[in-house]
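Have a look at the structure below, then the notes.
The values are calculated or read from the model by the stated rules, or taken from the named source; none is laboratory data. Since the model is a prediction, treat every value here as computed from it, not as a measurement. Keep in mind that these areas ignore ligands, DNA and RNA; they rest on the heavy atoms of the full protein, side chains included. Shrake-Rupley method; radii C 1.70, N 1.55, O 1.52, S 1.80 Å.
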Amino acid sequence: MKLPPFEYAAPTTLKDAVALLAAHAGDAKAIAGGQSLVPMLAFRVASPALLVDLRRIPDLDRITVSPEGVRLGAMVRWRDIEDDVRLKTAHPLLRAAVAHVAHYQVRNRGTVGGSLAHADPAAELPGIAVTCEAEIAVMGASGTRVIRAADFFLGPLMTALAADEIIVEIRLPAWPRRRRWGFQEFARRRGDFAMAGAALYYDEDAGGNAVNPHVGVIGVGDIPQRLAEVEALLEGRVVDEAGIALAEKAAAASVNPADDIHASAAYRRALTGTMVERALKIASA
Ligand SMILES: Cc1cc2nc3c(=O)[nH]c(=O)nc-3n(C[C@H](O)[C@H](O)[C@H](O)COP(=O)(O)OP(=O)(O)OC[C@H]3O[C@@H](n4cnc5c(N)ncnc54)[C@H](O)[C@@H]3O)c2cc1C
């Protein structure tokens with residue numbers, strides 16, 4: 001389908017981009033890689049009067065690795081994450097998750113900021129953001145603010161972003177070298193959105209017990225979510241076969257997916273348990 005008509009602007013500063021969004025009071029949209037927005041325009045799910053292209057704004061495509069953690073600028077593409085060898089140790093969970101995003105062509109254009117703002121419940125990066133307690137820095141007409149990932153996603157394709165706000169970067173806390181982690185997802189075809197997925201990590205004390213476990217799931221609710229009951233169950237114990245079996249059951253019991261055209265709720269619940277089980281096996285191996 002042809003796109004609806006729209007005006008187009010390509011500002012060279014964040015301030016100008018924000019001013020354009022603010023001046024159009026909800027009738028303008030930022031465009032980054034266009035991989036989600038252009039199909040939405042084609043299907044008339046969105047028909048803004050103005051598209052504000054972020055590609056000419058400098059510095060939004062930076063990946064910063066420091067002792068505080070990893071910062072990904074909003075215009076960092078999936079491909080940039082794959083190509084950055086520092087992230088192999090600075091954030092292996094992020095890299096593992098991004099390997100599941102779409103196909104090469106989409107990964108070559110799709111961006112971090114676009115994925116966060118689009119807020120698909122099955123998308124990998126929002127899941128990593130919530131699991132890892134990331135922060136999302138945004139700029140709007142009234143200034144900048146930092147939103148916890150846990151407060152950012154409000155529902156399918158809904159976020160805490162105001163109409164005049166632009167995501168500047170996501171900040172992932174530092175990743176200890178000896179951390180154990182696993183990422184698993186199941187999709188019918190390679191590159192499809194996940195029917196269910198699990199991202200998790202934990203550290204270990206001197207006795208080999210799990211410390212500070214974080215367990216997140218995608219694709220099984222309106223937003224990515226952490227499974228507090230599974231985390232409590234793993235805290236302070238060795239992640240062995242018995243522990244993993246308990247975690248699998250607890251994970252399946254603590255999600256409440258709906259039936260949809262892809263799978264029944266019961267199937268997705270069981271799949272969630274299996275994804276957590278497999279990710280824990282990888283983490284503990
Ligand atoms: C065939 C296909 C398969 C896909 N599979 C997956 C998958 O498996 N997993 C996955 O996670 N994604 C998948 N995607 C989506 C892809 O990852 C997109 O890159 C992503 O969802 C949006 O990024 P984008 O840069 O293209 O954003 P755009 O399409 O340009 O924008 C998306 C939305 O974000 C807003 N936006 C963009 N940047 C900003 C910003 N900096 N601040 C505020 N708002 C902003 C736009 O206004 C729009 O509402 C797939 C896409 C396609 C076409």
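Some observations on this one:
- Solvent-accessible area, 1.4 Å probe, carbon plus sulfur percent, for region 110-194: 50 percent
- Here, region 170-285 yields an orientationally averaged convex hull projection of 7.8 nm² when only Cα atoms define the hull.
- Once C-alpha pairs closer than 8 Å and six or more residues apart are averaged by separation and normalised to the residue number of region 156-285, the relative contact order reads 25 percent.
- Ordered by solvent-accessible area of protein heavy atoms (1.4 Å probe), largest first, the residues 1, 40 come out as 1, 40.
- Kirkwood hydrodynamic radius (C-alpha pairs) into Stokes-Einstein, region 1-89, 37 °C and 0.692 mPa s, D in µm²/s: 224 µm²/s
- Each residue of region 260-276 was assigned a 3J(HN,Hα) from its phi angle through the Karplus curve 6.51 cos²θ - 1.76 cosθ + 1.60 (θ = phi - 60°); the sequence is 8, 5, 8, 6, 6, 4, 4, 5, 5, 5, 4, 5, 4, x, 5, 5, 5 Hz, with glycine and proline shown as x.
- Surface share of carbon and sulfur [accessible, 1.4 angstrom probe, percent] for region 57-96: 46 percent
- Residue-by-residue Karplus 3J(HN,Hα) for region 233-245, coefficients 6.51, -1.76, 1.60, Hz, glycine and proline x: 5, 7, 4, x, 10, 6, 8, 10, 4, 5, x, 5, 5
- Sequentially through region 115-128, phi angles give Karplus couplings (6.51, -1.76, 1.60; θ = phi - 60°) of 5, 5, 5, 6, 6, 6, x, 9, 6, 6, 4, x, x, 5 Hz, Gly and Pro residues having no value and appearing as x.
- For region 70-161, the per residue solvent-accessible surface stands at 38 Å², with DNA, RNA and ligands left out and a 1.4 Å probe.
- Å² of accessible area per residue within region 176-282, as computed with a 1.4 Å probe and no ligands counted: 50 Å²
- Residues of type lysines that residue 15 reaches as a straight line, Cα spacing below 30 Å, ignoring anything fewer than 8 places off in the same chain: 29
- 36 Å tail of the calculated P(r), the chain, as % of Cα pairs: 16 percent
- Put simply, the amide H of residue 154, placed in the peptide plane, has neighbours under 5 Å in 159, 160, leaving out anything fewer than 5 places away on its chain.
- The alpha carbons of region 26-147 occupy a box of 43, 36, 27 Å along the principal axes, longest dimension given first.
- Region 215-261 has equivalent-ellipsoid semi-axes of 23, 11, 7 Å, by the square roots of 5 times the alpha carbon gyration tensor eigenvalues, sorted largest first.
- Per-residue [θ]222 nm for the chain (sum of -39500 (n - 2.57) over DSSP H runs n ≥ 4, rounded to 500): -9000 deg cm²/dmol
- Share antiparallel - DSSP beta bridges, region 8-86, percent rounded to 5: 40 percent
- The amide H of residue 122, built 1.01 Å from its N in the peptide plane, has 219 as neighbours under 5 Å, considering only residues 5 or more places off or on other chains.
- Computed on region 166-220, the Cα convex hull volume stands at 137 Å³ per residue.
- Per-residue SASA entry for residue 56, accessible area with 1.4 Å probe, Å² rounded to 10: 140 Å²
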